[in-house]
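The next block holds one structure in the form of structure tokens; read it before the comments.
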Amino acid sequence: MKDHLIIFDTTLRDGEQSPGASMTRDEKIRIAKALERLKVDVIEAGFPAASVGDFEAVLAVANIIKDSTVCGLARALDKDIDQAGAALKGAARSRIHTFIATSPIHMQMKLHMQPEQVIEYAVKAVKRARQFTDDVEFSPEDAGRSEEDFLCRILEAVIDAGATTLNIPDTVGYSVPQQFGATIANLIQRIPNSDKAIFSVHCHNDLGLAVANSLAAVMNGARQVECTINGLGERAGNASLEEVVMSVRTRHDVFACQTRVDSREILTCSKLVSSITGFPVQPNKAIVGANAFAHEAGIHQDGVLKSRETYEIMRAEDVGWSANRMVLGKHSGRNAFKSRMTELGVEFQSEEDLNEAFSRFKQLADKKHEIFDEDLQALISEVGFEAEDEHVKLVALKVCSETGEIPNAKVTLRIANKEVTGNAEGGGAVDASLKAIEKLVATDAVLALYSVNNITNGTDSQGEVTVRLEKGGRIVNGLGADTDIVIASAKAYVNAVNKLLSPERRHPQKGEV
């Protein structure tokens, strides 16, 4: 029997710390349900003590998820641990993940603490967490730059205090595979009570080595990997869940372990996270990129036609590429629409929500002959689905763009139930439209990012636009989709404005694992 490799997904916590990737409570619930269908073992739902929004999101996920363990992050502080315990109270299975920095530079420059104080805080935190759950994880932050002797001391102490998982994070992506794997092996061998805990790793991708470091750790005894969908995360991101899972599965001759992940749900999860966060997946991304199973070179095509295994080490179907694909159109009925949305993990809270979504589906079907899963994901994620956030609504847009003339736009918005109209000129149709909207909403925000991606192929494909606005240190992401790219851009800008005007959702950056 092979060992079980625990997959710990932190898309909702560490992934959300990517600038502009903040998620609403309902969006976190949708992703958590998708992760549950993916059969990840642990879902780190957030950092409950960071903000009211984070607390409520973790609470909501904990009360809904039944098949995965729900985890909350907490610094080694009483108030953080108590908040995590309260947020996780309703979980079928809960875990508290507490951490404190252990590298010399972090202890000296950030914590202003001596090593003995750090051990004292860590032990106290684990004991307090055990009052709420028997499943307690401890992380020595910046372990990749910590002294091995000190790691042995603090990890031995927290195991004695009741920690059941020891997570060794390469917080700044400094490690390289051979060295990191050796560190894991040494810790397991040197710590007297190491057999009483599961060793885990959490690798960042600053040098592009997060997956390689994670797999090196697994080969040296780690039996939990912390990762995110699409490798989402702060700076260069985290270890990519899909790459870790499929590496272990594909190279079963090398790894003495296996996961319980249902790999057929990988692509759906990837597209959902990309749609909600507005972070597109690059075409050549392993496993989930559009070109991951594409063959253009003649010799490759010939080989695949003769025998798939000549150039493909995985089946596209095994990660969801051709499974459960239903093309909908304008003649599709309400039940077919609802059924497909359910398969994609979208559950409507009321008949009114279903009717509104179906109405927008019909509007799209009048413009586009065939509607694919990607279109449906974009449809649900676009502006207007969450009515409580809709302080500003796009009512009408008229744009004039003519050769030799300055483009101009006329836009009508409904702001707090009152319709207002404005005009603006710009360098192009999109520029004029966004300037007209900004005149009316007057956010004074900086446009930090504008990007366009096609959702499917063809000239009638929807364009998916991401707009990132920044104001006063706060960053929000807006998403809009339409067969008309100018309208999609306006939708995205309005979506971002609504998030900017809503209560603060992003938690302050108070420490990384």
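The values are calculated or read from the model by the stated rules, or taken from the named source; none is laboratory data. Computed from a prediction, not measured in an experiment: that's the story for all the values here. Ideal geometry is used to build each Cβ from the backbone, glycine not excepted, and the neighbour counts take in all protein chains shown.
Here are some notes:
- Cβ-Cβ under 9 Å pairs, at least 6 apart or on other chains, region 139-151 side at negative phi and assigned to a loop (DSSP other than H, G, I, E, B), far side surrounded by fewer than 24 Cβ atoms within 10 Å (Cβ to Cβ) and among the polar types (S, T, N, Q): SER146/SER103; GLU147/SER103
- Residue within region 438-456 that is closer than 30 Å to HIS369 by Cβ, touching a residue at least 60 places away in the same chain (Cβ under 8 Å), in contact with a helix residue (DSSP H, G or I) (Cβ under 6 Å, 6 or more places away or on another chain) and assigned to a loop (DSSP other than H, G, I, E, B) present: yes
- Residue identified as at pLDDT below 95 and outside the structural domain of VAL467 (by TED's automatic domain parsing) among VAL244, VAL254, VAL273: VAL273
- Taken together, the residues in region 468-478 that are surrounded by 14 or more Cβ atoms within 10 Å (Cβ to Cβ) and free of Cβ contacts under 8 Å to residues at least 60 places away in the same chain amount to 3.
- Residue in region 104-120 that is within 27 Å of LEU151 (Cα to Cα), basic (Lys, Arg), in the same structural domain as THR24 (by TED's automatic domain parsing) and modelled with pLDDT of 95 or more present: no
- The numbered conditions (1) at pLDDT below 90; (2) over 13 Å from ARG37 (Cα atoms) are all true for ALA286 except (1).
- Number of positions in region 96-120 that are under 30 Å from the mean Cα position of the chain (by Cα) and assigned to a loop (DSSP other than H, G, I, E, B): 2
- Candidates THR133, THR165 - the one that is under 25 Å from ALA212 (Cβ atoms), modelled with pLDDT of 95 or more and among the β-branched types (Val, Ile, Thr): THR165
- GLN377 fulfils the conditions (1) under 19 Å from ARG468 (Cα atoms); (2) at pLDDT below 95 except for a single criterion, (1).
- Considering residues of region 188-210 that are farther than 18 Å from ALA256 by Cβ and aliphatic (A, V, I, L, M) only, the residue surrounded by the fewest Cβ atoms within 10 Å (Cβ to Cβ): LEU207
- Selection over region 52-86 of residues that are in contact with a helix residue (DSSP H, G or I) (Cβ under 9 Å, 6 or more places away or on another chain) and under 22 Å from ALA125 (Cα atoms) gives a count of 21.
- Residue check, LEU207 over 17 Å from ILE6 (Cβ atoms), in the same structural domain as ASP170 (by TED's automatic domain parsing), in contact with a Phe, Trp or Tyr (Cβ under 8 Å, 6 or more places away or on another chain) and in a helix (DSSP H, G or I): no
- Members of region 174-203 that are in a helix (DSSP H, G or I) and either modelled with pLDDT under 95 or among the aliphatic types (A, V, I, L, M) (or both): ALA182, ILE184, ALA185, LEU187, ILE188
- Qualifying residue in region 72-95 (condition: part of a loop (DSSP other than H, G, I, E, B), assigned by TED's automatic domain parsing to the domain that holds GLY162 and closer than 19 Å to VAL273 by Cβ): no
- Of the residues making up region 426-446, at least one is within 30 Å of VAL172 (Cβ to Cβ) and not assigned by TED's automatic domain parsing to the domain that holds GLY144.
- Qualifying positions in region 39-60 - of a type in the set (A, V, I, L, M) and outside any loop (DSSP other than H, G, I, E, B): VAL42, ILE43, ALA45, VAL52, ALA57, VAL58, LEU59, ALA60
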